[in-house]
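A quick write-up on the structure given underneath.
The values are calculated or read from the model by the stated rules, or taken from the named source; none is laboratory data. Here the structure is a predicted model, which is why all the values come from computation and not from measurement. Neighbour counts are summed over all protein chains in view; Cβ atoms, including those assigned to glycine, are modelled from backbone coordinates with ideal geometry. Note: accessible area is taken over every heavy atom of the protein model, side chains too, but ligands, DNA and RNA are not part of it. Shrake-Rupley method; radii C 1.70, N 1.55, O 1.52, S 1.80 Å.
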Amino acid sequence: MSIITDINRLDPRMVPGVLLYQRRCTEEGISTIVVETRRELSTQMAYYSRSRAPVWLVKEYFARCGLWSISDAEAAKENTKTLYSKHIDGLAIDIAPEKDGRPWWAAPRELWLRMFAIAEDECGLDACAAGKWEAWQWDWPHHEFRTAI
């Protein structure tokens, strides 16, 4: 196992919106990179272990899941509050601005906001789970499938 970035591994209902999102970002001059699509439960558990398990154990979980070689500081820092993620069901994708072939985590806030507007206004996606970026101030690449109830 490792991080899955294949858009075709998403729930089929989500794929058209994601493809439109990528195309629209490109048309706006925004280069994007897919960071993660569907997620194995074991990967979510490894993420959840950060800050909750001893550093050595978090590192072991990451290694066994085929994830990156996590640093001690990363292992000690929480990065999710839940054992469930819509990534597990293929209903979430992490997409970031791209710079030099890598996610541009420090992209200007205005760029992220433009991406969120494209996702939500044009592509049927909830950016940061319906605007939670305002509260979270993290996980800005997170986009979910918008379902009508």
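Does the stretch 66-83 contain any residue that is of a type in the set (Asp, Glu), open to solvent by 50 Å² or more (accessible area, probe 1.4 Å), farther than 25 Å from residue 115 by Cα and part of a helix (DSSP H, G or I)?
Of the residues in the stretch 66-83, the ones of a type in the set (Asp, Glu) are 72, 74, 78.
If we keep only those that are open to solvent by 50 Å² or more (accessible area, probe 1.4 Å) as well, we get 72, 74, 78.
Going one step further and asking which of them are farther than 25 Å from residue 115 by Cα, we end up with 72, 74, 78.
Keeping just the survivors that are part of a helix (DSSP H, G or I) gives 72, 74.
Yes, the conditions are met somewhere in the stretch 66-83.
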If I go through the stretch 32-43 residue by residue, how many of them are open to solvent by 20 Å² or more (accessible area, probe 1.4 Å) and outside any loop (DSSP other than H, G, I, E, B)? 6
Give the residues of the stretch 60-78 that are touching a Ser or Thr at 6+ places or on another chain (Cβ under 8 Å) and not small (Gly, Ala, Ser), sorted by residue number. 61, 62, 64, 65, 67, 77, 78
Got at least one residue in the stretch 93-100 being of a type outside the set (S, T, N, Q), assigned to a loop (DSSP other than H, G, I, E, B), modelled with pLDDT of 95 or more and over 18 Å from residue 50 (Cβ atoms)? yes
If residue 87 satisfies every condition in (1) part of a loop (DSSP other than H, G, I, E, B); (2) within 16 Å of residue 127 (Cβ to Cβ) but one, which is the exception? (1)
What are the pairs, 6+ residues apart or on separate chains, where a residue within the stretch 38-49 that is within 18 Å of residue 8 (Cα to Cα) has its Cβ under 7 Å from a residue that is modelled with pLDDT of 95 or more and open to solvent by 70 Å² or more (accessible area, probe 1.4 Å)? 38/9
Output the number of the condition that residue 61 fails; it satisfies all remaining conditions of (1) in a loop (DSSP other than H, G, I, E, B); (2) open to solvent by 30 Å² or more (accessible area, probe 1.4 Å). (1)
Checking the structure you have, find out if any residue of the stretch 119-126 is surrounded by 14 or more Cβ atoms within 10 Å (Cβ to Cβ), under 18 Å from residue 3 (Cα atoms) and in contact (Cβ under 8 Å) with a residue 12 or more places away in the chain. no
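Restrict the check to the stretch 44-56 and report whether at least one residue is open to solvent by 40 Å² or more (accessible area, probe 1.4 Å), over 30 Å from residue 111 (Cα atoms), in contact with a Lys or Arg (Cβ under 8 Å, 6 or more places away or on another chain) and small (Gly, Ala, Ser). Spell out the reasoning first.
First, pick out the residues of the stretch 44-56 that are open to solvent by 40 Å² or more (accessible area, probe 1.4 Å): 45, 48, 51-52, 54-56.
This time we only want the ones that are over 30 Å from residue 111 (Cα atoms), so: 45, 51-52, 54-56.
Then keep just the ones that are in contact with a Lys or Arg (Cβ under 8 Å, 6 or more places away or on another chain); that gives 51.
With small (Gly, Ala, Ser) added as a condition, the list becomes 51.
So far as the stretch 44-56 goes, yes, one or more of its residues are open to solvent by 40 Å² or more (accessible area, probe 1.4 Å), over 30 Å from residue 111 (Cα atoms), in contact with a Lys or Arg (Cβ under 8 Å, 6 or more places away or on another chain) and small (Gly, Ala, Ser).
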Which one of these does residue 32 not meet: (1) within 13 Å of the chain's Cα centre (by Cα); (2) among the hydroxyl-bearing types (Ser, Thr, Tyr); (3) within 17 Å of residue 91 (Cα to Cα)? (3)
Quickly run through the stretch 1-31 and pick out the residues that are among the β-branched types (Val, Ile, Thr), surrounded by 12 or more Cβ atoms within 10 Å (Cβ to Cβ) and in a helix (DSSP H, G or I). 7, 15, 18
